1. Just the residues that are modelled with pLDDT of 95 or more and either more than 17 Å from Leu137 (Cβ to Cβ) or touching a Pro at 6+ places or on another chain (Cβ under 7 Å) (or both), please, taken from region 44-74.
2. For region 192-215, check the following and say yes or no: at least one residue is polar (S, T, N, Q) and buried (at least 18 other Cβ atoms within 10 Å of the Cβ).
3. If the Cβ limit is 9 Å and pairs must be 6+ apart or interchain, which residue in region 256-273 that is exposed (fewer than 15 other Cβ atoms within 10 Å of the Cβ) pairs with which residue that is of a type in the set (D, E, K, R)?
4. When Glu242 is evaluated against the numbered criteria (1) without any contact (Cβ under 8 Å) to a residue 40 or more places away in the chain; (2) farther than 23 Å from Gly103 by Cβ, which criterion, by number, is the only one it fails?
5. Could you say whether any residue in region 188-195 is free of Cβ contacts under 8 Å to residues at least 12 places away in the same chain, more than 20 Å from Phe164 (Cα to Cα) and in the same structural domain as Trp84 (by TED's automatic domain parsing)?
6. If you scan region 246-278, which residues turn out to be in a loop (DSSP other than H, G, I, E, B), over 25 Å from Leu30 (Cα atoms) and touching a helix residue (DSSP H, G or I) at 6+ places or on another chain (Cβ under 9 Å)?
7. Considering only residues that are touching a helix residue (DSSP H, G or I) at 6+ places or on another chain (Cβ under 8 Å) and assigned to a helix (DSSP H, G or I), which ones fall in region 102-126?
Amino acid sequence: MAVLFFLLLLGLYWLAYRVPGNPWNEMARLPFWWLELMRQPIGPHRRGRHAYGPHRRQYFLLMEREAGLGPHDPLVLYIHGGGWQFGYPEAFLSQGQMLLEQGFTVVLPTHRRLPFHDGLAIQSDLVHCLQTLKKVLRERGWRSGPLILGGMSSGGHLAALLFFDAALWQAGGWPQPPAGLFLLGAPLELRAMRRSPWLRWLAGPPEGERFRKLNPIEHLQTRPYPPVLIVHGHLDGLVECENARIFARKLEACSPGCASCLWLERATHLDVAAWSFRDNAARHALLSFLRRWVPSPVG
């Protein structure tokens, strides 16, 4: 009986692994994706850990080239994914390394987690992160330069809130608006997302004010925006592609021509998330997008 039960579980796992476009497939592939991410080499660089609050999750990593931080270096603030619950910056150093090699100084923040802290608390963390980042950079001799926001999955959702919610950015006290935004497999129209406990922990009921504040599409206004890149897989089993398409259509109506969108027909959530260790279309789109700020990668 135990053998039959094991074979049944194995068969179900194989089926989940083989059929993309659903949460079970993403979960079945996650351990292999994680192992591949952890195997990536990290090149030489300078790295500092900076707390922006008393909670153990309220900190960011600042990655610099060995030569140190220049007074006008371009910056990328890249927020990791994990469903607003999992992940930590140290696990994504290889992604930071790739951005570093393109010529950017890289900021990898993290935040407090669901279900103990809701989306408004996480928003507050990002504001305090920006305030502390500005202070740290000034102390290290940085004066001005473009700051590009970006994130994968839930990190993309948070990056979009910082970018499109002017009140959040102003509260962060940053001296100039963000120069650009890249969104990889991100939840951008929460009403088009599958109902789940995680979404309710984050934003509450769809009719509530908290939901509106935490829904990126609600913050779009008719005005020119800096460049935006949206990359999403049609077979994303965690963050439905249609949510990003709805957002992209409204963004185009509000600010024609600001967004570049790449819809990957055969890509899953984890395929897009593999941009740092697979030579795929998501990587090519992202690096091409970033070259407008640093034409010649450092390597």
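The values are calculated or read from the model by the stated rules, or taken from the named source; none is laboratory data. For clarity, every value in this text was computed on a predicted model and none was experimentally measured. So basically every Cβ, Gly included, is an ideal-geometry build from the backbone, and we count neighbours across all protein chains shown.
1. Hits for region 44-74 are Gly53, Pro54, His55, Arg56, Arg57, Gln58, Phe60, Leu61, Pro74.
2. yes
3. Going by the 9 Å Cβ cut-off, the qualifying pairs are Trp263/Arg245.
4. (1)
5. Yes, because at least one residue in region 188-195 is free of Cβ contacts under 8 Å to residues at least 12 places away in the same chain, more than 20 Å from Phe164 (Cα to Cα) and in the same structural domain as Trp84 (by TED's automatic domain parsing).
6. Cys258
7. Within region 102-126, Gly119, Leu120, Ile122, Gln123, Leu126 meet the criteria.
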